[in-house]
1. If a residue counts only when it is under 15 Å from the mean Cα position of the chain (by Cα), touching a residue at least 60 places away in the same chain (Cβ under 8 Å) and under 21 Å from residue 206 (Cα atoms), which helices (runs of 4 or more DSSP H) contained entirely in segment 31-148 have at least 2 such residues?
2. Tell me, please, whether a residue that is in contact with a helix residue (DSSP H, G or I) (Cβ under 6 Å, 6 or more places away or on another chain), outside any loop (DSSP other than H, G, I, E, B) and without any contact (Cβ under 8 Å) to a residue 60 or more places away in the chain can be found in segment 175-185.
3. How many of the residues in segment 203-232 are surrounded by 16 or more Cβ atoms within 10 Å (Cβ to Cβ), within 15 Å of residue 147 (Cβ to Cβ) and at pLDDT 95 or above?
4. Within segment 72-91, identify whether any single residue is farther than 24 Å from residue 35 by Cβ, surrounded by fewer than 16 Cβ atoms within 10 Å (Cβ to Cβ) and modelled with pLDDT of 85 or more, and answer yes or no.
5. Which one of these does residue 101 not meet: (1) in contact with a helix residue (DSSP H, G or I) (Cβ under 9 Å, 6 or more places away or on another chain); (2) surrounded by fewer than 16 Cβ atoms within 10 Å (Cβ to Cβ)?
6. Condition first: touching a helix residue (DSSP H, G or I) at 6+ places or on another chain (Cβ under 6 Å) and at pLDDT 85 or above. Can you find one or more residues in segment 154-161 that meet it?
7. Tally up the residues in segment 205-257 that are within 28 Å of residue 40 (Cβ to Cβ) and in a helix (DSSP H, G or I), please.
8. For segment 26-39, what are the residues that are within 18 Å of residue 212 (Cα to Cα) and surrounded by 14 or more Cβ atoms within 10 Å (Cβ to Cβ)?
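The values are calculated or read from the model by the stated rules, or taken from the named source; none is laboratory data. Nothing here was measured: the structure is a model prediction, and the numbers come from that model. Note: ideal-geometry Cβ built from the backbone for every residue, glycine included; neighbour counts use all protein chains shown.
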């Protein structure tokens, strides 16, 4: 705890008289972008499987939490001790199967118990079954969470085959919109198709946001390899036809995971 107390003191000095002018000028609003950036850098370290980098990035994320807590403390709202006390109480309250007499024998039972506690004990109804999912979430993640909430209320397909049929139905409607060439309907149908794919991911027990992150990483890795192969072969990607690019892409796929 001495190290944590030292970090709290460092933040207080940075924000205090004679501290850092940049730190002193920050607000909850101006820090939003950094909180998002640090969170994504933590995720990147996890994906890379680099424990040293993960340790560093978790420290950067912790600093953001301390930053917000310090700003709130200066306003007389709450401090880092209140943040710690709040999450400690919440963890005990939401784990009655660990700290009480409740039963939850698998992860799904725990998740259902959490939802019940949030609705009843904590009175977090949000005015809707699908409420409470921040609009600031990445769109795929928000769609996945809202779909899961709706499914728990019974609004769901019976099996994966039905979801696949829905995906195919949405793709057919997207093709129809493409033939019509109406931009607003195209966007609408593309969104419906993505939402159907998010539900397919749920039925396959996959996280669509994680899958998309991995797909982006694969694309970047393969494209960089394609650029490398092209350079070694004296080929200009910008001046090559699609047939040549397809051949380079296939070579890059074989050379990367």
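1. Filter on segment 31-148 gives 32-48.
2. yes
3. Number satisfying all stated conditions: 1.
4. Start the filter on segment 72-91 by keeping residues that are farther than 24 Å from residue 35 by Cβ, which leaves none.
Within segment 72-91, not a single residue is farther than 24 Å from residue 35 by Cβ, surrounded by fewer than 16 Cβ atoms within 10 Å (Cβ to Cβ) and modelled with pLDDT of 85 or more.
5. Going through (1) in contact with a helix residue (DSSP H, G or I) (Cβ under 9 Å, 6 or more places away or on another chain); (2) surrounded by fewer than 16 Cβ atoms within 10 Å (Cβ to Cβ) one by one, residue 101 breaks only (1).
6. Checked against the condition, which is being touching a helix residue (DSSP H, G or I) at 6+ places or on another chain (Cβ under 6 Å) and at pLDDT 85 or above, segment 154-161 yields at least one hit.
7. Adding up the residues that qualify gives 25.
8. Of everything in segment 26-39, just one residue is within 18 Å of residue 212 (Cα to Cα) and surrounded by 14 or more Cβ atoms within 10 Å (Cβ to Cβ), namely 39.
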